[in-house]
Amino acid sequence: MPNKSLLILGDIMCGIVGYIGPRKASPILLKCLKRLEYRGYDSAGMAVLNSSLDVIKDSGKIDEVDTKHDFSKLGGKIGIAHTRWATHGEPNMVNAHPHTACNGDLALVHNGIIENYSTLRDLLESEGHTFQTDTDTEVLAHLIEKFYTGNFMGAVSKALIKVRGTYGIAVIHRNHEEIIVARNGSPLIIGVKDDETFTASDASAILEHTKKMIYLEDKEIASIKAGKVTVKNLFDKKIDKEVEEIGWDLDQIEKGGFKHFMLKEIFEQPESLRNVMRGRIGKTIKLSVNGTLSDCRRIIIVACGTSWHSALIGRYLIESIAEIPTEVDYASEFRYREPLVGKNDLVVVISQSGETADTLAALKEAKKRGAKTMGIINVVGSTIAREADTGIYIHAGPEIGVASTKAYTNQLVALMLLALDLRQSNGKTLDSNIISEIRGLPEKVDHVLKQNKKIKAIADAVADHSNFLYLGRGINYPTALEGALKLKEISYIHAEGYPAAEMKHGPIALIDENMPIVFIANKGKGYDKIISNMEEVKARRGKIIAIATEGDMDIKRLADWVIRVPETMDEVSPVVNIIPLQLLAYYIADRKGLDVDKPRNLAKSVTVE
Ligand code: AGP
């Protein structure tokens with residue numbers, strides 16, 4: 001595990017930088033902002049305080065926005081800048097940060113999600129505030145404006161007390177030579193150097209200027225002046241902070257101290273899971289999908305690759321929770337097979353990128369045939385997100401490693417929420433146990449991640465094998481498929497996923513002492529049958545790696561290696577069970593010295609057939 005102070009987990013959406021000092025701010029901010037490009041983004045913007053408060057922002061890459069609008073024309077020595085990864089509202093010029101309020105006196109950049117933005121927006125509109133964007137962030141700008149009576153830091157504190165959710169923010173105001181920054185669940189760092197002060201969501205942005213950092217904690221707010229920093233809590237109580245010196249290089253910091261983006265993204269999952277649930281799960285489910293879902297008679301889920309594995313689990317969830325017949329198809333097959341779909345069908349397409357050519361074509365085919373369509377998508381404003389009638393964003397944040405990890409687990413939670421929402425729409429009561437199990441997933445995933453050293457040791461022991469078999473049953477049969485896909489795409493080892501009961505219909509012929517077999521064998525439906533399958537493998541001297549429930553002692557008799565996962569209900573178990581398989585694939589590929597983040601022949605977004 002990397003140094004705690006370097007972890008940027010929890011800040012998986014956007015990037016913030018700020019500068020105050022004796023030099024012109026815009027060139028410094030531009031360079032700092034470009035240091036955050038590796039994180040992925042869709043828009044960029046900057047606000048600088050001069051005699052006026054000037055803002056430049058647009059969708060596109062930083063260089064494109066700069067070429068079009070010229071950041072250098074912003075004079076002034078105090079400024080903030082932002083790269084946006086859209087979560088609420090499409091990536092366009094209006095929704096890009098910084099945001100202003102009604103009178104244009106302040107500008108604000110924000111990372112995170114404001115959960116209660118819609119209630120706050122209604123309230124502010126009823127008080128006469130006019131909104132310009134579709135973002136959750138804009139409510140913060142208007143709230144600060146509402147509370148401002150001359151005390152800038154006080155107004156920001158009052159605004160933050162009203163919001164629920166996560167934030168890292170930087171704000172400037174026409175009447176004040178300072179930047180106010182604050183955080184809650186989304187990191188904010190302050191860099192100090194003589195008569196200059198910097199701020200950023202990620203140390204890599206400002207490292208070339210200073211290695212001396214102050215790390216804000218949740219619910220802390222700071223006033224940053226040139227060479228002076230004052231930190232308080234939201235109730236005006238001063239807090240003494242230590243200045244810490246960073247001893248890491250840039251590459252380590254960009255990856256949050258992890259060796260690869262894939263590993264960083266695996267470890268981000270507790271936080272990305274919180275993001276997909278945020279504001280959507282309570283006693284009831286609030287998904288804000290457009291149109292009624294209660295009249296859909298059949299659901300067809302189409303997707304490719306890892307997203308197709310989510311779809312298979314989605315079928316299990318929707319049929320068992322919502323009791324609606326559900327089919328799953330590869331997008332590439334669906335689009336060419338004259339599918340019998342029509343107006344009583346809901347076609348759900350799942351895609352991390354929202355740009356996969358086959359999935360987009362399948363969506364268009366479904367629309368042509370009169371079906372209602374829904375996208376379960378990560379990239380906001382992507383082509384599939386725009387084409388679908390309605391949708392659920394999974395809020396996993398940018399996924400840079402080609403092998404999908406955090407997008408997969410967030411897709412699974414989105415499908416759980418969809419299944420519950422469909423049940424609710426049909427007037428049926430919800431099982432509170434499932435709801436609390438879903439809410440408990442981030443902690444359980446965190447618990448599994450803590451076994452990374454043990455999983456690495458297993459990877460070291462089995463990395464030299466050239467074939468693997470992954471077996472699971474029921475809702476964890478797709479977990480076996482996904483585990484095998486992870487291994488083959490990054491380690492180039494041949495791996496097959498199978499429903500465990502199918503083993504005796506063919507794959508059993510492959511088993512000998514040279515074949516590691518990964519069993520998803522946690523307690524739940526089908527456990528006894530999985531144990532029988534393990535006996536069959538053991539009898540043929542196959543090497544068994546078992547994913548097993550904590551406290552299950554029987555399994556030790558059969559398995560050569562056991563990876564323990566916390567007890568869960570079957571319905572949510574695929575989220576917990578895939579974590580050790582992601583780590584196993586990662587450590588095997590890394591041991592082989594392979595380019596884990598960019599495996600050969602693969603692209604992150606497959607936009608061709
Ligand atoms: C996942 O690890 C793969 N790289 C790949 O199978 C991917 O899931 C597939 O190409 C679909 O992509 P999408 O979710 O962006 O549509």
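The values are calculated or read from the model by the stated rules, or taken from the named source; none is laboratory data. Everything quoted here is computed from the prediction, not taken from an experiment. Cβ: placed from backbone, ideal geometry, glycine included. Neighbour counts: every protein chain shown. Heads up: the accessible areas ignore ligands, DNA and RNA and are worked out on the full protein's heavy atoms, side chains in. Shrake-Rupley method; radii C 1.70, N 1.55, O 1.52, S 1.80 Å.
When nucleic acids and ligands are ignored and a 1.4 Å probe is applied, Glu268 ends up with an accessible area of around 0 Å². Extension gain, Lys228-Cys102: 0.36 nm per intervening residue step, less the Cα-Cα distance, totals 42.4 nm.
Per-residue ellipticity at 222 nm computed for the chain from its helices equals -10000 deg cm²/dmol, with DSSP H segments shorter than 4 residues left out and the rest contributing -39,500 (n - 2.57). Taking only alpha carbon atoms, region 258-439 gives an Rg to Rh ratio of 0.95, where Rh is the Kirkwood radius. Measuring with a 1.4 angstrom probe and ignoring ligands and nucleic acids, Glu550 comes out at about 80 Å² accessible. Membrane-span-like helices in the chain (whole DSSP H runs, Cα extent of at least 20 Å along the helix axis, mean Kyte-Doolittle hydropathy of at least 0.5): 573-591.
The slack between Leu510 and Glu244, meaning 0.36 nm per residue of separation minus the straight C-alpha distance, is 90.2 nm. Students often get this wrong: which residues of region 366-399 have the backbone nitrogen under 20 Å from the point 7 angstrom along Cα-to-C-beta of Tyr336? Label zone hits: 366-369. Modelled spin-label separation between Asn344 and Thr130, with each label point placed 7 Å from Cα along the Cα-to-Cβ direction: 4.9 nm. Sorted into 5 angstrom bins from 0, the C-alpha pair distances of region 413-493 split as 3, 11, 13, 18, 19, 13, 10, 7, 5, 2, 0 percent. Every Cα-Cα pair of region 165-263 was included, and the share exceeding 21 Å stands at 33 percent. Surface composition of region 449-600: carbon and sulfur atoms hold 48% of the protein heavy-atom accessible area at a 1.4 Å probe. Gain on full extension, evaluated as 0.36 nm per residue between Asp464 and Asp431 minus their Cα-Cα distance, stands at 7.4 nm.
Label separation (Arg540 vs Ala603): 3.9 nm, computed from points 7 Å beyond Cα along the C-beta direction. Average accessible surface for the chain: 37 Å² per residue, computed with a 1.4 Å probe over protein heavy atoms with every protein chain in place. Charges were assigned to the Cβ only: +1 to each Lys and Arg, -1 to each Asp and Glu. The resulting dipole of region 105-192 about its Cα centre is roughly 280 debye. One equal scatterer on each Cα of the chain, no solvent, Debye formula: the resulting log10 I(q)/I(0) at q = 0.06, 0.07, 0.08, 0.11 Å⁻¹ is -0.33, -0.45, -0.58, -1.05. Simple spin-label estimate for Lys68 and Ser52 gives 2.0 nm between the two label positions (7 Å along the Cα-to-Cβ direction from each Cα). Peptide packing for 541-547, 73-79 was compared via the average number of neighbouring C-beta atoms within 10 Å per residue; ordered from the highest value, the list is 541-547, 73-79.
Between the amide H of Glu220 and those of Arg183, distances stay under 5 Å, these residues lying 5 or more places away or on another chain, with hydrogens modeled in the peptide plane.
Assign unit charges at the C-beta atoms only (+1 for Lys and Arg, -1 for Asp and Glu), then state the dipole size of region 80-146 relative to its Cα centre in Debye, rounded to the nearest 20. Provide the component values of the computation, followed by the final result.
Working: 3 positive and 10 negative charges, 40 e Å.
In total the dipole reaches around 200 debye.
For a modelled paramagnetic label at His494, 7 Å from Cα along Cα-to-Cβ, the residues of region 444-465 in reach, with backbone nitrogen under 19 Å, are 462-465. Globularity index of region 459-593 is 0.94 (Cα radius of gyration / 2.2 N^0.38 Å, N = number of residues). Out of every Cα-Cα pair that region 8-254 contains, those further apart than 21 angstrom amount to 51 percent.
What's the carbon and sulfur percent of region 8-254's accessible surface, probe 1.4 angstrom, rounded to a whole number?
The computed percentage sits at 45.
Tally up the carbon and sulfur contribution to the accessible surface of region 258-439 as a whole percent, 1.4 Å probe, everything protein left in place.
On region 258-439, the fraction of accessible area on carbon and sulfur atoms equals 47 percent.
The antiparallel fraction among DSSP beta bridges confined to the chain stands at about 60%.
Each peptide in 463-472, 14-23, 425-434 receives the mean, over its residues, of other Cβ atoms within 10 Å, and ordering these scores from highest gives 14-23, 463-472, 425-434. Translational diffusion of region 350-417 was estimated from the Stokes-Einstein equation, with Rh taken as the Kirkwood radius over Cα pairs; at 4 °C and 1.567 mPa s the coefficient is 107 µm²/s.
Ranking request for peptides 404-416, 193-205: highest mean number of other beta-carbon atoms within 10 Å first, then the rest in descending order. Walk me through the intermediate numbers first.
Numbers: 404-416: 28.2, 193-205: 23.4.
Per-residue mean Cβ counts within 10 Å order the peptides as 404-416, 193-205.
Relative to the Cα centre, what is the charge dipole magnitude of the chain, using +1 at the beta carbon of each Lys and Arg, -1 at the beta carbon of each Asp and Glu, and rounding to the nearest 20 debye?
On the way: 78 positive and 81 negative charges, 89 e Å.
Charge dipole, the chain, about its Cα centre: 420 debye, nearest 20.
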